[in-house]
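Nothing in this text is a laboratory measurement; each read-out follows from the coordinates by a stated rule. From a predicted model like this one, the values you see are computed outputs, not experimental measurements. Positions of Cβ are backbone-derived with ideal geometry, glycine not excepted, and every protein chain shown enters the neighbour counts.
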Amino acid sequence: MKTFSYTLAALLLFALAGCGNEKKAQEAEQVQLRSELMVVHDEVMPMMGELTSLAGQLKQTLQADSTLAPDVRAQMETAVAQMTEAEEGMMDWMANFKQPENLRAEMDHKAIMAYLSEEKDKISEVGAQIKSGIETGKALVAAAGNRK
């Protein structure tokens, strides 16, 4: 009977140790996915200043130049709206993003991974909007500068 108790205790310890290793592996997987999405954030966050500057230049041109052709004015207004949306998207994403360690008490590993994957998609979309806004803004600012 003693041997059985020792064997049972040893098996229980191994099982608990295995659970700890699995938990650590899951946490490492979560940290890895979080790192991947933060790469996207860290790439585009420094572009926010340029985006804001270009939007400001376009707004200034819209206010100051009453001779803009209606189609050019519409392009600039659309670009400013898209740039504002991209900026707001980044601010909203940053305000609402939850770190994996803050989710572990209420979500299981699969749900956390799904959340992080969804957040990676969101920040990738915001990044694409920022890059597109900068590209469009540069072209429109250059075109406005060539008109003068």
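What's the center-to-center distance, using Cα atoms, between the stretch 109-148 and the stretch 22-76 in Å? Cα centroid to Cα centroid, the span is 5 Å.
Counting Lys and Arg as +1 and Asp and Glu as -1, what is the net charge of the other residues whose Cβ lies under 12 Å from the Cβ of MET83? Can you show the working numbers first?
Working: positive: LYS59, LYS131, LYS138; negative: GLU50, GLU77, GLU85, GLU87, GLU88, GLU135.
Once all neighbours under 12 Å are counted, the net charge is -3.
Taking a straight line from the alpha carbon of LYS131, these aspartates and glutamates sit under 17 Å away, with near neighbours fewer than eight places off in the same chain left out: ASP42, GLU43, GLU50, GLU85, GLU87, GLU88, ASP121.
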